[in-house]
Amino acid sequence: MRGQAVASRRRPGATLSDQEFFEQVPRLFWACHAREETAYHLGIYLAHRPPDGSEVARALAFRAPGPAPAVASDLVRDFQAALADLHYPDAKPLLRLARHGLDARQAASLAHFELPSYPLYEPLAVKGLLLLGRVAPMPGRLDEPGLRGYRTFMQQLDELKEAVPFTCVPEAPYYLSRVVEAALTELAVEQSEAAK
Amino acid sequence: MPAQTVRTFDDWIREFQAWQTEIGFPKQLLGDFKFEEKFGDPCGPNVEFGEFKGRPKWETPMQVPLQDMRDGLMNLIVYQGDTEFASVEQQRHLVKTAPTDYDLKSILRVMSEEMRHGWQMCYLLVTHFGKTGAIEAQKQLQRRSWNKERLLGSFNEPVDHWLDFFTYTDFVDRDGKYQLRMLSHSGFAPLAKSMGPMLKEESFHLGTGQTGLRRILQAGKIPTAIVQQYFNKWVPTAFDLFGKDKSTPARLYYVWGLKGRYDEDTNAETPDLDDLNAHARALYRREVEELVVQLNALLAPGEPKLVVPDLKFRRDPKLSEHGGQPYDIHGKRLSDREYEDYLARNLPNEETKARLDEIFKTPDWIAPKGGPAAA
């Protein structure tokens, strides 16, 4: 009961409380997911170990405008090596990808499609968090501070994943990190459209 | 090696680990999954319905007023736990044939969480119900689905392949959701508080089933008539899982405040105590019908539509007044001879299995592997 009371209180600067967000999670999630289901399914269902260049390209292309990027074979090798060391929530092994010019958003996308507990790290989801009065840095460079930002983002999502009541979890074969991230993304989209 | 007597939960954990090995569960694939008991918020601090409505929820069995109630409560926990371990036994072979790595992750997660749910029930049995509870917790690990020793019919049926698994997960696990929701209103606080985390995990299982069926229909390789055969296999058993019409135990569980209605928190109507199981079954059936409408929307024009079997089809004679009688999936009565032919044609048979074996050898029997979703 105490948990519910805390969740129903709005944080300073928040547009809605966690509880108000939770009640909208199924609707928000499905709205976001409907737009990108095909791409998302290709990302998760065609992933395998060790990942190859086509998987890396698909992950990098997800939510990115334009054609899928060309992927160098040494990026694939470095990603395979990083995967061997990735254990949630440690994101440090992703630093190996920095020399390929990737940013934190792209590295998170690669991690998510292989290990879905790692959430996609998207500017809109960060804006969605802000609407709940929760602060995480925008995705930036793939370096130590950039990964600390990703870690903060993950911690915020972990709190929401833990607190969301079962009545607000959609029946879907996706990890809660995906459900919450997509719901936050959609929240930010709706807020931005309402402000126009 | 004969089983050791279980006295403490640590004893039970050792038996659980031996059970995992014996059924051939690939423990090495569990990763960092942690077996633990989890408790959420109860629906409220007081008993929500029945004769004891308004009194504080019971924290221990000794606070439960009557011995009959305590026995009934333990029985509810035993049945729930038994289904959890049984489902893992049913699904254990499928790890080797997962169509994708994500499906492998999904089934491992489903099986791990079902084991955790069984763990949770056994934790309650061992820590709250003394020697009898410990014996019952141990028996959960001694019955075997493949020997047809599990307590409920659905859980003694084999789950042979991934079409079977997705159908089972969509429809039989969905009965599980109903049972857990009904127990989430229990007056026994440790049981009620167990349900939130279990239901949260169950959402993934149900989504795995429905999306798996969608992916199969999107790929369009398995004929709808075969998919229907698996609906005919599982849905009637799921109807049976709700128990007998006009059930005395269901009435008592309600009157005692131990097991509520599925919609207890939103249904302001006075319950018909003779109709509790039928009420839950009707809500379940409506939900399944809505899901099947979604699946039918994926079928090509001219394809036969999938059907939720009628409540009279293939029901257990011990549970339903229509049980053992010759009805088809539309509820039409057949002669005994027609019925025999009908079952042979409308349930999975050797021909179906041979056809599926061939289809499963092709890489595109499920989307997105060349099916429309991948186009």
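The values are calculated or read from the model by the stated rules, or taken from the named source; none is laboratory data. Note that the structure is a prediction, hence the values are computed from the model and not measured. When we count neighbours, we look across all protein chains shown, and the Cβ atoms used for this are built from the backbone with ideal geometry, even at glycine.
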For this session: Check whether at least one residue in the stretch A:36-52 is more than 14 Å from chain B (Cβ to nearest Cβ) and not β-branched (Val, Ile, Thr), and report yes or no.
Result: no
For this session: Give just the number: which of (1) within 14 Å of chain A (Cβ to nearest Cβ); (2) surrounded by 13 or more Cβ atoms within 10 Å (Cβ to Cβ); (3) at pLDDT below 95 does residue B:38 not satisfy?
Result: (3)
Seminar exercise, completed: Just one listed residue, out of A:93, A:26, A:67, is away from chain B (no Cβ under 12 Å), outside any loop (DSSP other than H, G, I, E, B) and out of contact with any Phe, Trp or Tyr (no Cβ under 6 Å at 6 or more places or on another chain), and it is A:93
Exercise. Hey, does the stretch B:219-227 have a residue that's at pLDDT 95 or above and either under 28 Å from residue B:72 (Cα atoms) or within 14 Å of another protein chain (Cβ to nearest Cβ) (or both)?
Worked result: yes
Seminar exercise, completed: Those residues of the stretch B:42-69 which are under 20 Å from residue B:196 (Cα atoms), at pLDDT 95 or above, hydrophobic (A, V, I, L, M, F, W, C) and in a loop (DSSP other than H, G, I, E, B) amount to B:47, B:49
For this session: Please determine, by comparing only the residues of the stretch B:22-41 that are part of a helix (DSSP H, G or I) and more than 23 Å from the chain's Cα centre (by Cα), which one is nearest to residue A:89 (Cα to Cα).
Result: B:29
Exercise. If you scan the stretch B:268-319, which residues turn out to be acidic (Asp, Glu) and over 20 Å from the mean Cα position of the chain (by Cα)?
Worked result: B:269, B:272, B:274, B:275, B:303
Seminar exercise, completed: Across (1) in contact with a Phe, Trp or Tyr (Cβ under 8 Å, 6 or more places away or on another chain); (2) within 14 Å of chain A (Cβ to nearest Cβ); (3) outside any loop (DSSP other than H, G, I, E, B), residue B:72 clears everything bar (2)
Exercise. Of the numbered conditions (1) of a type in the set (S, T, N, Q); (2) within 14 Å of another protein chain (Cβ to nearest Cβ); (3) over 18 Å from the mean Cα position of the chain (by Cα), residue B:60 satisfies every one except a single condition; which is it?
Worked result: (2)
Exercise. Before we move on, is residue A:122 of a type outside the set (Val, Ile, Thr) and either away from every other protein chain (no Cβ under 14 Å) or within 23 Å of residue A:70 (Cα to Cα) (or both)?
Worked result: yes
Exercise. Pick from the stretch A:149-187 the residues that are over 14 Å from residue B:202 (Cβ atoms) and among the acidic types (Asp, Glu): which of them is farthest from the other protein chains (Cβ to nearest Cβ)?
Worked result: A:186
For this session: Could you please give the count of residues in the stretch A:158-180 that are within 23 Å of residue A:102 (Cα to Cα) and either touching a Gly at 6+ places or on another chain (Cβ under 9 Å) or surrounded by fewer than 21 Cβ atoms within 10 Å (Cβ to Cβ) (or both)?
Result: 0
Exercise. Quick check, is residue A:77 surrounded by fewer than 17 Cβ atoms within 10 Å (Cβ to Cβ), basic (Lys, Arg) and within 30 Å of residue A:168 (Cβ to Cβ)?
Worked result: no
Exercise. What are the residues in the stretch B:152-186 that are part of a loop (DSSP other than H, G, I, E, B) and closer than 16 Å to residue B:86 by Cβ, if any?
Worked result: B:152, B:157, B:158, B:159, B:160
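Hey, among A:148, A:141, which residue is of a type in the set (D, E, K, R) and within 30 Å of residue A:52 (Cβ to Cβ)? Before the answer, list the steps.
Working: A:148 fails: within 30 Å of residue A:52 (Cβ to Cβ).
The match here is A:141.
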For this session: Residues being touching a Leu at 6+ places or on another chain (Cβ under 7 Å) and more than 22 Å from residue B:32 (Cα to Cα): count how many of those fall in the stretch A:108-134.
Result: 5
Seminar exercise, completed: So, first residue closer than 18 Å to residue B:185 by Cβ and facing chain A (nearest Cβ under 7 Å) in the stretch B:197-215, second residue in a helix (DSSP H, G or I) and of a type in the set (Lys, Arg), Cβ within less than 8 Å, six or more apart or across chains; the pairs are B:199/B:177; B:199/B:181
For this session: Look through A:122, A:114, A:144 and report the one residue that is acidic (Asp, Glu) and closer than 30 Å to residue A:19 by Cβ.
Result: A:122
For this session: Name, by its number, the condition in (1) aliphatic (A, V, I, L, M); (2) within 11 Å of chain B (Cβ to nearest Cβ); (3) over 30 Å from residue B:193 (Cβ atoms); (4) more than 20 Å from the chain's Cα centre (by Cα) that does not hold for residue A:7.
Result: (3)
